[in-house]
Amino acid sequence: MSVLECAPSHVVGIDVSKDTLVVFDQTQQRLTSIDNNRDAIAKLVASFGPDALVVCEPTGGHEALLVSELIAQGVACHRADTLKVQAFIKSFGRLAKTDAIDAKALAQYGEERWKQLPLLQPKDEAQGELAALVSRREGLMAIKIAETNRLKAPANNRRLVRSFKTVIACVQRQIDRIDEEIEDLIASSQTLSRRMQICCSLPGVGERTAIALLATMPELGTLTRRQAASLAGLAPHPRDSGTLKGYRKMRGGRPEVRKGVFMAALAGSRAKGPLSAFYQRLIENGKKPIVAISALMRKIIVILNAKIRDEMSAMS
């Protein structure tokens, strides 16, 4: 995880929408608006100094042009967690919401917290394509599950049944095609292939879980054990107050990572190997099965992070 080592010369907050970018320069206290297209963005980024920090939010892909141009021109960029920024705005008692207010808040957020903000790194082209394919597959799976559930409704007539089955068959063909493309993509990339092998070498982690991790958590191997667990949403957060010791829950992080690792933990708890022994030890110590599975999920992420880190170190 890369962060700034020195304070930025100026911080820029950018609120991104489909058609426009609202830009606020914290140092110059200047608010501008430009079109969300490549030429306008390139001209804007060229006006930033090399020591600038740009803060934006994820907007369903509408920020992609901005982020790619910032990385291409070597300008530091942080894509902020929307919930954190909203909490930051509320801490000032602000209730109003406009694009200009959001841009100013992003700039202020970056100016106050630049030491802790992870910077976006150039994305491997193959990894980016894999993430897009996996995301598309997840969307198709959601459609298939919805249509399958509708098919099971008792009041369906023959025409509805025929329609449901046609849609399910069509979606399944698309899923099969995407699976083939994912397989070809991983086979053509030495980095993805090696990371895939490392993930699958851990008992309980199958190909589907490994692919999901490659797509949704490319930072594996570059984090500390605590950072990896937190990013995956597998870190238990305390809820203590005075003499009250609250139940520690896993919160935040990336839910798509948790979903895949949960199935791997279930499989690992039953397979022969270190994960099964770790799970049984927790159960023998009186832990509830779900608590033991949660600990196993966290252990899987920590082990894979260490394995990939060691492999990267050996290659360099």
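Computed from the coordinates by the stated procedures, all read-outs in this text should not be read as laboratory data. None of the values given here were measured: they were computed from a predicted structure. Quick reminder, even Gly has a Cβ in these numbers, built from the backbone with ideal geometry, and neighbours come from all protein chains shown.
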What size of dipole, in debye to the nearest 20, comes out for the stretch 125-188 about its Cα centre when the only charges are +1 on Lys and Arg C-beta atoms and -1 on Asp and Glu C-beta atoms?
900 debye
Spatial separation of Cα centroids for the stretch 264-299 and the stretch 155-215, in angstrom
27 Å
Could you tell me the number of lysine pairs in the stretch 11-116 with C-alpha atoms less than 26 Å from each other, where the two lysines are 8 or more residues apart or belong to different chains?
12
Which log10 I(q)/I(0) values, to two decimals, does the chain give at q = 0.07, 0.10, 0.12 Å⁻¹ under the Debye formula with one point per Cα?
-0.37, -0.75, -1.02
A chain fully extended from A153 to E181 at 0.36 nm per residue, minus the present Cα-Cα distance, gains in nm 6.7 nm
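For an R0 of 22 angstrom, estimate the FRET efficiency from the Cβ-Cβ distance between R239 and V291 and round to the nearest 0.05. Don't jump to the answer; show the numbers that get you there.
Numbers: r = 15 Å, r/R0 = 0.70.
According to the calculation, E is roughly 0.90.
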Let's see if you can work this out: charge +1 on each Lys and Arg Cβ, -1 on each Asp and Glu Cβ, no other charges. What is the dipole magnitude of the chain about its Cα centre, in debye to the nearest 20?
2080 debye
Taking Cα pairs under 8 Å and at least six residues apart, what relative contact order does the chain come out at, in percent?
14 percent
Using only the Cα atoms of the stretch 11-116, construct the convex hull and provide its projected area averaged over every direction, in square nanometres to one decimal.
6.2 nm²
A correct fewest-to-most ranking of S189, S47 by other Cβ atoms within 10 Å would be S47, S189
Net charge, E180 excluded, C-beta distance under 15 Å - Lys, Arg +1, Asp, Glu -1
-2
Full extension between R173 and L120 adds, at 0.36 nm per residue less the Cα distance, a length in nm of 15.5 nm
Let me have the 222 nm mean residue ellipticity of the chain computed from DSSP H runs of 4+ only, each contributing -39500 (n - 2.57), with the sum over all residues rounded to the nearest 500.
-19000 deg cm²/dmol
Helices from the chain with mean Kyte-Doolittle at least 0.0 and a Cα length along the axis of 27 Å or more, per DSSP H: which?
289-315
Cβ charges +1 (Lys, Arg) and -1 (Asp, Glu), total dipole of the stretch 244-316, debye:
400 debye
Which shape class applies to the stretch 200-298: rounded if a/c is under 1.5, otherwise prolate when a/b exceeds b/c and oblate if not, where a ≥ b ≥ c are the square roots of the Cα gyration tensor eigenvalues?
oblate
Would you list, by chain and number, the aspartates and glutamates whose Cα falls below 18 Å from the Cα of K165, excluding same-chain residues fewer than 8 positions away?
E147, D176
Computed P(r) (all Cα pairs; the stretch 125-188; 10 Å bins; percent)
21, 40, 23, 12, 3
Of all trypsin sites (Lys or Arg not before Pro) in the stretch 68-113, which ones are in loop regions per DSSP and have a Cβ with at most 13 other Cβ atoms within 10 Å?
R94, K97
Note the full-extension length gain between D310 and F92 as 0.36 nm times their separation in residues minus their Cα-Cα distance, in nm to one decimal.
74.1 nm
